[in-house]
Amino acid sequence: MRKAKIFLPAIFLLAFFVVADKIEAKAGNGIQLKNAVITTVDTENKIITAEKNGMTHTVDASSATFRRKYGAKCDIYELTMGDYIWVWGRMSEGNTIIAKKVKDYSIQKWRGSFVGTITAIDSGSYTDNQGRNYRQFTIESRHRGEQTVRVYETTRIQYRKESKTFSDLAVGQEIVAKGTWNNTHSFVYDTKWIKIRKLAE
């Protein structure tokens, strides 16, 4: 009799979550797409196309919230072609999904630190989805292999206590960079600061 008393609350709790899931699905909030690969991102109209098993899906994300892999909020500007996404919402005509939530599993939750040695400096200048200009360089990081680090006008660069610029970076320097990681494409963006720990020999 005592065992029945112990398990009864657990049974009611399980039943509650099952019913809640069914209500959410009926309301059009269920998962409609898993591990689809982004093919295009229209940031102005918030329309995403993604491919899964050879089929192309159109995601209307105009009313959706955006999340990173571990649940942190993000913006559609952070989504990149080739990223893996899950989509919650309801199906519309054809393969169109009216999204309630889009989660990008390629980008991490918070800014992290990346330690490594610079292996290449890119001489080009680029613009991201937010219209921000950036330059970039490549490092061989200690724990994540080769990574490309984006450097913006707002990125602080320092060596000891001295302020430096992008032109002061050089192959062979050991650096620490703090930014958000896209693990699918191996690049670090929204880079807050870069510290030169050791000059090239």
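The values are calculated or read from the model by the stated rules, or taken from the named source; none is laboratory data. Computed from a predicted structure; not experimentally measured. A quick note on method: Cβ atoms are made from the backbone with ideal geometry, for glycine too, and the neighbour counts reach across all protein chains shown.
The number of residues in segment 121-131 that are exposed (fewer than 10 other Cβ atoms within 10 Å of the Cβ) and more than 17 Å from SER167 (Cβ to Cβ) comes to 2.
Screening ALA36 on (1) within 21 Å of ASP128 (Cα to Cα); (2) modelled with pLDDT of 95 or more shows it passes everything except condition (1).
Please go through segment 185-201 and give me each residue that is in contact with a strand residue (DSSP E or B) (Cβ under 6 Å, 6 or more places away or on another chain) and either surrounded by 15 or more Cβ atoms within 10 Å (Cβ to Cβ) or part of a strand (DSSP E or B) (or both), ordered by number. Matches in segment 185-201: PHE187, VAL188, TYR189, ASP190, THR191, LYS192, TRP193, ILE194, LYS195, ILE196, ARG197, LYS198.
Do we have VAL87 as touching a Leu at 6+ places or on another chain (Cβ under 9 Å), surrounded by 19 or more Cβ atoms within 10 Å (Cβ to Cβ), within 30 Å of ILE31 (Cα to Cα) and not acidic (Asp, Glu) here? In short, yes. If you go through segment 163-184 and keep only what is surrounded by fewer than 16 Cβ atoms within 10 Å (Cβ to Cβ) and either modelled with pLDDT under 95 or basic (Lys, Arg) (or both), you end up with LYS164, ASN183. Just to be sure before I move on: is ARG156 at pLDDT 95 or above and closer than 25 Å to LYS69 by Cα in the structure I sent? Spelling it out, it is not the case that ARG156 is at pLDDT 95 or above and closer than 25 Å to LYS69 by Cα. Residues in segment 92-120 that are surrounded by 15 or more Cβ atoms within 10 Å (Cβ to Cβ), at pLDDT 90 or above and under 19 Å from THR155 (Cβ atoms): ILE107, PHE114, VAL115, GLY116, THR117, ILE118.
For the residues GLY131, GLY89, GLY94, the requirement of being under 21 Å from THR43 (Cβ atoms), in the same structural domain as ASN45 (by TED's automatic domain parsing) and not β-branched (Val, Ile, Thr) singles out GLY89.
Total residues in segment 57-72 satisfying the condition of being of a type outside the set (A, V, I, L, M), touching a residue at least 24 places away in the same chain (Cβ under 8 Å), part of a loop (DSSP other than H, G, I, E, B) and more than 15 Å from TYR189 (Cβ to Cβ): the figure is 3. The condition of being hydroxyl-bearing (Ser, Thr, Tyr), surrounded by 15 or more Cβ atoms within 10 Å (Cβ to Cβ) and out of contact with any Lys or Arg (no Cβ under 6 Å at 6 or more places or on another chain) holds for THR155.
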